[in-house]
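Accompanying notes for the structure given below.
What follows draws every value from the coordinates through simple rules; no lab data is involved. The shown structure was predicted, so the numbers you read here are calculated from the model rather than taken from an experiment. Glycine gets a Cβ as well: all are built from the backbone with ideal geometry, and neighbour counts include every protein chain shown.
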Amino acid sequence: MTNTTRTPKRIKPPQDWHATYSARLTLSDVVVLIWVVFGVQIAWFGFDSANLAVRSSDLAVSYTSVSVILIASWMAALSIYGTRTDRVLGTGFDEYKLITGASIRLFGLLAIVAYLFKIDVARGYILLAFPLGIAVLVFSRWMWRQWLVAQRSHGRYTSRVILIGTEESSAHIARELSTRLGAGYLVVGACVTAGPVTPHLPGSTIPVLGGIDDVHTALDSLGADTVIITSSDDISPTRMRELSWSLEPGRHHLIMVPRLIDVGGPRIHTRPVSGLPLIHVETPRYEGHTHFTKRAFDIVGSAALIVVLSPVLAVIALAVRLSGPGGVLFRQQRVGHNGHRFQMLKFRSMIVDAEARLATLQDAPRMVGNTVMFKMQHDPRVTRVGRFLRSYSLDELPQLFNVLRGSMSLVGPRPPLETEVREYESHVHRRFLVKPGITGLWQVSGRSNLTWDETVRLDLYYVENWSLVGDLVILWRTAKAVLARDGSF
């Protein structure tokens, strides 16, 4: 390959943001633990002096000293279990899991020590301090995460990335990373492994700096600290190993992008065998304890929401009844789990003969890029009350009864019409492996603003990577999306 690009101006490497951010987290954790532990001590014992007794001796220790020891031990546990390492900061749930795991292990260790040395510790003091400490620690980290995402949207606190691979694969990864700035990867350059060297990656302003032999020049000149291999077809194993050896330990990072996409983290496990980094991808299962857990969550969640929202349901029902002729509820046949048909409930948001008028609107402007689902931004069939209900997704609330009866789930793919199913490609039918949901990834990712391909991709990702924690996150994001009225019409 002929290198026809010019060498860019050398950029001074940015200050290591990991160390700065980790130091701020350390200070934040100390403040949180001091506030929680001493707050619990004051709440439990008051401002009077209280002592902890050791039955095996005449030793008495003040609870102030115990609180100091607990805070120091807690900080040590958070450090030992790597809750502030750069591998877990900024994205994913590993940071929160490590905080919870480190705290629970510390609690267990202290319980063992207290039992072995016959130390009488006030149970209320411990039982309040640990769960409250975990909750506030996780919340403070979440708040820091929001700040970090805001900083990353402006290009700060990010890893500066050089892409290595074909022009096509590098352009694809660059586009994906540009839509997820919160992940903390800022692409600053690329080195292509095949084809002619063009000034920039297609559809972007990211400079192409030559081939794989120019990686180190690109790293130094652009102050980059991360190399991402977007495709390895044109890179031999020996060349790949030499590249990894040539990167500066502690300063440069190497990331490989596998060809398998849309796989959730819990399904991926790595196992080195004879020097080969084997990636195990678990196949999704929808039976046994998985099915029981999801169904139990749906029953409890839908029943609780029906009870809590019963006054709201009554008010909406009255408003719909007074909005004009027609029933309060709209029933429509949808396709559900394993292709079974069911009657989906909604509050009526359209005029009585809305279905009959649909044919006259088929040529009207739809959602951009959607060739399967019919959605109009200003549908003339929607009533004034219905427009308000739709803007906040209140018309979907009767589907809680569908969830309670078992035909739907709180979270899942959108339940399609039979006319839509007839237009599905074969792979789209995997959506029916789980029950359709009131909300899902499609709703928290743009709803009606999404193209059909984007909707299918999100639904299939959910089907392949379901988890209870994921459902809780989607429900939380749904509340924010509904209040913001993002993509609703």
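A few points about this structure:
- Neighbour counting of Cβ atoms within 10 Å sorts the residues Ser221, Ser103, fewest neighbours leading, into Ser221, Ser103.
- Each Lys or Arg adds one and each Asp or Glu takes one away; over the other residues whose Cβ falls under 11 Å from the Cβ of Asp29, this sums to +3.
- Taking a sphere under 9 Å around the Cβ of Ser407 and counting the other residues whose Cβ falls inside, with K and R at +1 and D and E at -1, yields a net charge of +3.
- Remark: the range 17-152 carries a charge dipole of roughly 360 debye about the Cα centre, counting +1 on each Lys and Arg Cβ and -1 on each Asp and Glu Cβ.
- Peptides 389-397, 323-331 ranked from most to least packed by the mean count of surrounding Cβ atoms within 10 Å: 389-397, 323-331.
- Put a dot 7 Å past the Cα of Tyr424, heading toward its Cβ, do the same for Tyr115, and the two dots end up 5.2 nm apart.
- Label-to-label distance, Gln332 versus Asp453, with points set 7 angstrom from Cα along the beta-carbon direction: 2.6 nm.
- Taken along the Cα-to-beta-carbon direction at a fixed 7 Å, the label points for Arg271 and Leu472 span 2.9 nm.
- Sequence of Lys435, Lys480, Lys97 once ranked by neighbouring C-beta atoms within 10 Å, starting from the fewest: Lys480, Lys97, Lys435
- Electrostatic dipole magnitude of the range 86-235 [Cβ: Lys, Arg +1; Asp, Glu -1; Cα centre; debye, to 20]: 1100
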